[in-house]
Amino acid sequence: MNPIIEKSVTELAAAIADGQISAVEATQAYLDAIEAREPEIAAYNETCGDLAMQQAQAVDAKRQAGQTLGPLAGVPVAVKDNLCTEFGHTTCSSAYLKNFKAPYTATVVAKLQQAGAVILGKTNLDEFAMGSSTENSGFAPTKNPWDTSRVPGGSSGGSAAAVAGRLCAGSLGSDTGGSIRQPAGLCGVVGVKPTYGRVSRYGLVAFGSSLDQIGPLATNVTDAALLTSVIAGHDERDSTSLPNPVGDYLADIDTPIDGLRIGLPREFYTEALGGETREAIAAAIETYKATGAEIVDVSLPHSRIDIDAAGNISSFAVACYYIVCTAECSSNLARFDGVHYGHRTAEKVDDIIELFSRSRDESLGDEVKRRIMLGTYTLSSGYYDAYYNKALKVRRLIADDFTAAFEKCDVLLCPTTPTTAFKFGEKTDNPLEMYLSDIYTISLNLAGLPGISIPAGLSKDNLPIGMQLIGPVLSEKTLFRAGRMFELASGISRLAPPMLKA
Ligand code: GLN
């Protein structure tokens, strides 16, 4: 492997700033990697090599002229294809938006560009970010670089696989119920879901507006902290964005937190938690204990995961999430009507209703239709109180449990996913089973809290196992330090799939 690709975001940015490596060399190294491995991984919907090279040349010219470089100058990154960009297409992996070119650029992408990052392209996702495997992509699924017969997770599967397969140095995803953390867990990379409102959603194609949050994926915690610090901050174009100043996430990141109190939510450690994942998390807990962290038992009663005699798993959080997110999806996706932009039916239609319904029917995938229908149902008069209002009450109870738990601890620790990456097709016939891949990630979105998924180790089959740290609102800095503590103590960082060693 080209030694440039072996560098982390932080190392690469430093090497470019020092003039040891040029931005053009770094970009070329990643374009070569894409040429070599993208056919096998299929992480990208679109790459923009020429534009990337122009951005790299501009960075090199700036350096030669002695101008100050941004913190990501010359670092090649990728962004999820539900982030609007004036360059290339913005498809959300939907046939509906296959030819759509956005008229403006999302704030997060503009911030990456201002920091000097080189954007390599747009990554694949489950259509409109609805799914957990990228199998719902309207184009083709992305493969997990650890085992290409397995899914990379989703919906930010392309962003996670691109980082794991070193087709970019870092990437951006979006997380509505786990879409950054779950694929990060399954691909052996770090993924961050910031506090709701910490990162601007301007230019993110909305799925569930009260849940959606953009965050980075990277090969280690420090890189994830750096990328978060670049994209975070108030944006007057997003009325839900928080005014609080962004702290310095990198200062003290290598200093262990004295007396860190780690809460283990007992409801997450039930029989629903599979064997090898349970063992890896138990080992992570021991690692933390050895650093002097205090382990505390806490309870999140409304995030409980139940398992009945027949082995069926159920969770209030999953039920609540699928009412809130489908309700918001049904209203957000109403804009895709075949009139303003996107796919319009070529059939002759009698009236505007037929134009809407044919255009939508021809171009939206099954999962997207399922969610629009579920959401429309739960919002309809007569059902609104029984479903939507009830779900909002459950959401409040879930959030209150976290507040109570954080009186006893600084962070919570649990698995990111119940199992390692599953095979293609394994869960596609059973949406409920697919929905359960998010049992550990979903309640955070409902509560608006930040979470980070970090590799905890590998299974016997050599598949990554992810662990999740959860913190109170705006505790990103603590999460990064606590995550870095684990990397330093365990030596687990920058995992590389076997395909990179071949
Ligand atoms: N897998 C979850 C879903 O299908 C979460 C998706 C997401 O976070 N965008 O809705």
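Residue by residue through segment 134-156, note down the ones that are within 9 Å of the ligand (Cβ to nearest atom) and either out of contact with any Pro (no Cβ under 7 Å at 6 or more places or on another chain) or open to solvent by 10 Å² or more (accessible area, probe 1.4 Å) (or both). Please lay out each step first, then the result.
To start, the set of residues in segment 134-156 that are within 9 Å of the ligand (Cβ to nearest atom) comprises 136, 153-156.
Within segment 134-156, Asn136, Ser155 meet the criteria.
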Self-check item: Scope segment 406-433; condition among the aliphatic types (A, V, I, L, M) and within 20 Å of Trp146 (Cβ to Cβ); matching residues
Solution: Ala421
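With respect to Ser303, determine if the residue is at pLDDT below 95 and within 16 Å of the ligand (Cβ to nearest atom). Steps first, answer last, please.
Details: at pLDDT below 95: yes; within 16 Å of the ligand (Cβ to nearest atom): yes.
Considered against the rule, which asks whether it is at pLDDT below 95 and within 16 Å of the ligand (Cβ to nearest atom), Ser303 comes out as yes.
When you go through Gly66, Gly121 one by one, which is the residue that is modelled with pLDDT of 95 or more, over 18 Å from the mean Cα position of the chain (by Cα) and not hydrophobic (A, V, I, L, M, F, W, C)? It would help to see each step written out before you state the result.
Working: Gly121 fails: over 18 Å from the mean Cα position of the chain (by Cα).
Result of the check over Gly66, Gly121: Gly66.
Yes/no matrix, rows are residues, columns are (1) under 30 Å from Tyr388 (Cβ atoms); (2) not in a loop (DSSP other than H, G, I, E, B):
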position: Glu135; (1), (2): yes, no
position: Ala140; (1), (2): no, no
position: Gly158; (1), (2): no, yes
position: Arg166; (1), (2): no, no
position: Ser171; (1), (2): no, yes
position: Thr195; (1), (2): yes, no
position: Ala206; (1), (2): yes, no
position: Ser210; (1), (2): yes, no
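Taking Pro103, is it within 16 Å of the ligand (Cβ to nearest atom) and open to solvent by 20 Å² or more (accessible area, probe 1.4 Å)?
Values: within 16 Å of the ligand (Cβ to nearest atom): no; open to solvent by 20 Å² or more (accessible area, probe 1.4 Å): yes.
It is false that Pro103 is within 16 Å of the ligand (Cβ to nearest atom) and open to solvent by 20 Å² or more (accessible area, probe 1.4 Å).
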Quiz item: Hey, among Ala184, Ala169, which residue is more than 13 Å from the ligand (Cβ to nearest atom), under 23 Å from Glu40 (Cβ atoms) and modelled with pLDDT of 95 or more?
Solution: Ala169
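With Glu86, Glu127 as the choices, which residue is of a type in the set (D, E, K, R) and open to solvent by less than 40 Å² (accessible area, probe 1.4 Å)? Quick ask: steps written out before the conclusion?
On the way: Glu86 fails: open to solvent by less than 40 Å² (accessible area, probe 1.4 Å).
The conditions single out Glu127.
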Quiz prompt | Glu347, sole failed condition from (1) over 25 Å from the mean Cα position of the chain (by Cα); (2) under 20 Å from Asn389 (Cβ atoms); (3) acidic (Asp, Glu) | solution = (2)
Quiz item: Glu433 versus (1) at pLDDT 95 or above; (2) open to solvent by 10 Å² or more (accessible area, probe 1.4 Å): which is the lone unmet condition?
Solution: (1)
Quiz item: Which ranges mark the helices (runs of 4 or more DSSP H) fully within segment 409-502 that have 1 or more residues being closer than 25 Å to Gly208 by Cα?
Solution: 431-435, 442-447, 476-490
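Being open to solvent by less than 10 Å² (accessible area, probe 1.4 Å), out of contact with any Cys (no Cβ under 8 Å at 6 or more places or on another chain) and not in a strand (DSSP E or B) is the requirement here; does Pro183 meet it? Before the answer, list the steps.
On the way: open to solvent by less than 10 Å² (accessible area, probe 1.4 Å): yes; out of contact with any Cys (no Cβ under 8 Å at 6 or more places or on another chain): yes; not in a strand (DSSP E or B): yes.
When the stated conditions are applied, Pro183 passes them.
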Practice problem: Identify, by number, the condition in (1) within 16 Å of the ligand (Cβ to nearest atom); (2) open to solvent by 40 Å² or more (accessible area, probe 1.4 Å); (3) within 26 Å of Tyr196 (Cα to Cα); (4) of a type outside the set (Gly, Ala, Ser) that Met373 doesn't meet. | Solution: (3)
Practice problem: Of all residues in segment 460-484, count the ones that are open to solvent by 10 Å² or more (accessible area, probe 1.4 Å) and either touching a Ser or Thr at 6+ places or on another chain (Cβ under 6 Å) or closer than 24 Å to Ala421 by Cβ (or both). | Solution: 5
Practice problem: Consider Ala78 carefully, then state whether it is within 20 Å of the chain's Cα centre (by Cα), of a type in the set (A, V, I, L, M) and open to solvent by less than 10 Å² (accessible area, probe 1.4 Å). | Solution: yes
Quiz item: Since Glu426 meets every condition but one in (1) within 16 Å of the ligand (Cβ to nearest atom); (2) open to solvent by 50 Å² or more (accessible area, probe 1.4 Å); (3) in contact with a strand residue (DSSP E or B) (Cβ under 7 Å, 6 or more places away or on another chain), which condition does it not meet?
Solution: (3)
Self-check item: Considering residues of segment 39-57 that are in contact (Cβ under 8 Å) with a residue 24 or more places away in the chain and out of contact with any strand residue (DSSP E or B) (no Cβ under 6 Å at 6 or more places or on another chain) only, the residue farthest from Cys187 (Cα to Cα)
Solution: Gln57
Quiz item: Restricting the first residue to segment 426-451 and requiring it to be more than 30 Å from Ala232 (Cβ to Cβ), which pairs with a second residue that is part of a helix (DSSP H, G or I) and among the hydrophobic types (A, V, I, L, M, F, W, C) meet a Cβ separation below 9 Å and a spacing of at least six or different chains?
Solution: Lys427/Met434; Lys427/Leu436; Thr428/Met434; Leu432/Val318; Leu436/Val318
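The values are calculated or read from the model by the stated rules, or taken from the named source; none is laboratory data. Keep in mind that what you see is a predicted model, and the values were worked out from it rather than measured. Because the Cβ atoms are built from the backbone with ideal geometry, glycine has one as well, and the counts that use them run over all protein chains shown. For accessibility, only protein heavy atoms count, side chains too; no ligands or nucleic acids. Shrake-Rupley method; radii C 1.70, N 1.55, O 1.52, S 1.80 Å.
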